[in-house]
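Beneath this line is the structure, given in structure tokens, with notes to follow.
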Amino acid sequence: MDNSHPIYVASPMLPELSDLTSVLEGIWQSGYVTNHGPLHNQLEQELSNLLNVPTVRLFNNGTIALLTALKMFDFPKGSEVITTPFTFAATAHAISWNELVPVFVDVDPVSMTLDPKSVERAVTDKTVAVLPVHVYGNVCDIEGIDKVAKKYGLKVIYDAAHAFAVEIDGVPISKFGDATIFSFHATKLFTTIEGGAIATNFEGDAQTIYMLRNFGIKNENEVVSIGINGKLNEIQSAIGLLNLKQFPAEKKSRALLRAEYDKIFSQIDGVTVQSFSSNVKKSEQYYPLLIDETISPFSRDDLYEALKRKAIFCRKYFSPICTEFEPYRHFPVISEASVPTVYTIKDQVLCLPFHSKVEPGHLHMIKSVVDDFLR
Ligand code: T4K
């Protein structure tokens, strides 16, 4: 293994080209390529079975799914939505594109997900919703968030972009809150290359989402809402159907990789590996380390650079945090003092390459880089 074989934080799970080609032949023959085609509808049904939720509505990406989930509730312009700054920019952008105001609050130091107490402190008479993120597949404090939401009459929209098929005590993650969104981007465990979904337990919302996704069209003569074009096409749906067959193998291979990474990192002072309680069925989406450089033999940035020199490309998801980006810098409540845990975590986190293309040679190289630091 040498630098001519770089390895990245993510790598798309693609179907066998020959399998895809034969499905493509069928699509070409039918001439039906988008707008709720048969493969699209089949994928929605298969995902709804797998995720054990009454309705899954596919989207052309996770961001449009998130935009639509917020749009569905028709919140008054300028209403506040409480969320985490420790997420991909899409979470905050979806709030802003709906002309709502993101209010960023702190996270729990272990799960790195929204802290319900911080959420409650941020509630004002303008607050309409909470948008928690199951970051890295870590499950949010669902009970705590639900309690705050009920107390103040808030909607809860979960961003489960990292939490595909996660379950808690056998209950699918999409059973909680008012809606759950997923991302099926190429970097995700289950992918349609670009894609996403809203999962909902409510029949009325399923209808609303269906129309919002397709320009608000109710029938040939009626447009009943200000919809968007969020449809997933037949080619991507075909990729999704083929990928559903191979996703269990990909997940298994990541679970084995997790065990190997844990062997390398879990005994090092100041390094924390991701942990899950026994009642959680994991997603295997990311492998984040937290490196406290005041204790550990190396800093996060030292490890990042040393691995990069070996063409092992990690990512510091999510540093910078959302509120350090230009569009959100001016937000009044954001400072190190208001979200201290986020500021601690953002300087410690490193996501290692986490997919089935990480080979024993890469692992060996990572181990030798770590051993060099330990010497
Ligand atoms: N909510 C959360 C919490 C999210 O994390 C995301 C997306 C969303 C919402 C929105 O969902 P989508 O609208 O994206 O469906 C990537 C992904 O593009 C993004 O989907 C993801 N989160 C985010 C965490 O990561 P980048 O800009 O870091 O990706 P990029 O292009 O640097 O790719 C990372 C590595 O993956 C590359 O170094 C190489 C490898 N790669 C990437 C692509 C695109 C490949 O090997 N092949 C590829 O085709 O955002």
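The values are calculated or read from the model by the stated rules, or taken from the named source; none is laboratory data. Remember, it's a predicted structure, so these values are computed and weren't measured experimentally. Using ideal geometry, Cβ is built from the backbone for each residue, glycine included, and neighbour counts are taken over all protein chains shown. Ligands, DNA and RNA are stripped out before the accessible areas are found, and what is left, the full protein with its side chains, is counted by its heavy atoms. Shrake-Rupley method; radii C 1.70, N 1.55, O 1.52, S 1.80 Å.
Please list, by residue number, everything in the range 116-136 whose backbone N is under 14 Å from a paramagnetic label point 7 Å out along Cα→Cβ of Glu99.
Within reach of a label on Glu99, which here means backbone N under 14 Å from a point 7 Å along Cα→Cβ, the range 116-136 contributes nothing.
If you wrap a convex hull around the alpha carbons of the range 288-374, what volume per residue comes out, as a whole number of Å³? The partial results should precede the final answer.
Values: hull volume 9.0 nm³, N = 87.
Each residue corresponds to 104 Å³ of Cα convex hull volume.
Taking Cα pairs under 8 Å and at least six residues apart, what relative contact order does the range 17-241 come out at, in percent? Walk me through the numbers before you get to the answer.
On the way: 465 pairs, mean separation 60.2, N = 225.
Relative contact order, the range 17-241: 27 percent.
Using Cα pairs closer than 8 Å and at least 6 residues apart in sequence, work out the relative contact order for the chain, in percent.
Numbers: 752 pairs, mean separation 86.6, N = 375.
Relative CO of the chain lands at 23 percent.
Percent of alpha carbon pairs in the range 221-375 separated by more than 19 Å?
Every Cα pair in the range 221-375 considered, those over 19 Å come to 65 percent.
Among Glu326, Glu220, Glu44, determine the one that fluctuates most according to a GNM of the chain built with springs between C-alpha atoms less than 10 Å apart.
Among Glu326, Glu220, Glu44, the largest GNM mean-square fluctuation belongs to Glu220.
With viscosity set to 1.306 mPa s and temperature to 10 °C, compute the Stokes-Einstein D of the range 17-241, Rh being the Kirkwood radius across alpha carbon pairs; µm²/s, no decimals.
Numbers: Rh = 17.8 Å.
D = 89 µm²/s.
Could you work out the relative contact order of the range 1-138, using alpha carbon pairs under 8 angstrom and six or more residues apart, expressed as a whole percent?
Numbers: 132 pairs, mean separation 25.1, N = 138.
Once normalised by length, the contact order is 18 percent.
Ignoring any ligand, DNA or RNA, what whole percent of the accessible area of the range 17-241 comes from carbon and sulfur when the probe is 1.4 angstrom?
Details: 4970 of 9210 Å².
Of the solvent-accessible surface of the range 17-241, carbon and sulfur hold 54 percent.
Working only with C-alpha atoms, what are the Rg and Dmax values of the range 74-117, expressed in angstrom?
11.2, 34
Of the DSSP beta bridges with both residues in the chain, give the percent that are antiparallel, rounding to the nearest 5. Provide the component values of the computation, followed by the final result.
On the way: 25 of 40 bridges.
Around 60 percent antiparallel, to the nearest 5.
Under 13 Å between alpha carbons, and skipping anything fewer than 8 positions from Lys251 in its own chain: which aspartates and glutamates qualify?
Output for Lys251: Glu284.
How far, in nm, would the chain grow between Phe373 and Arg329 when pulled straight, counting 0.36 nm per residue and subtracting the alpha carbon separation? Could the numbers behind the result be given before it?
Numbers: separation 44, 0.36 × 44 = 15.84 nm, distance 3.61 nm.
Length difference between fully extended and current span is 12.2 nm.
Taking Rh as the Kirkwood radius, which is the inverse of the mean 1/r over Cα pairs, what is the Rg/Rh value for the range 102-183? Display every interim value, and only then the final one.
On the way: Rg = 11.9 Å, Rh = 12.7 Å.
Using only Cα positions, Rg/Rh for the range 102-183 is 0.94.
Where a Cα-Cα gap under 19 Å defines reach, which lysines qualify for Lys147, not counting those fewer than 8 residues away within the same chain?
Lys117, Lys126, Lys155, Lys175
With N denoting the number of residues in the chain, provide Rg(C-alpha) divided by 2.2 N^0.38 Å, to two decimal places.
The value comes to 1.01.
Order of 99-107, 249-257 by packing, highest average Cβ count within 10 Å first?
Details: 99-107: 21.6, 249-257: 15.9.
Ranking, from highest mean packing down: 99-107, 249-257.
Heavy atoms of the protein only, probe of 1.4 Å, neighbouring chains included. What is the accessible area of Leu24 in Å², nearest 10?
40 Å²
Taking a ≥ b ≥ c as the square roots of the Cα gyration tensor eigenvalues, with a/c under 1.5 meaning rounded and otherwise prolate when a/b beats b/c, else oblate, which class fits the range 164-234?
Numbers: a/c = 3.56, a/b = 1.48, b/c = 2.40.
Because a/c hits 1.5 or more and a/b fails to exceed b/c, the range 164-234 counts as oblate.
Report the Cα-based extents of the range 129-283 along its three principal axes, largest first, to the nearest Å.
The Cα atoms of the range 129-283 stretch 65, 44, 25 Å along the principal axes, largest first.
What accessible area per residue comes out for the chain, rounded to a whole number of Å², with a 1.4 Å probe?
Values: 16780 Å² over 375 residues.
Each residue of the chain exposes 45 Å² on average to a 1.4 Å probe.
Is it possible to state the helix-based mean residue ellipticity at 222 nm for the chain, with each DSSP H run of 4+ residues giving -39500 (n - 2.57), the sum divided by total residues, to the nearest 500 deg cm²/dmol? What is it? All intermediate terms of the calculation are to be shown ahead of the outcome.
Working: 11 runs with 139 residues, N = 375.
Rounded to the nearest 500, the figure is -11500 deg cm²/dmol.
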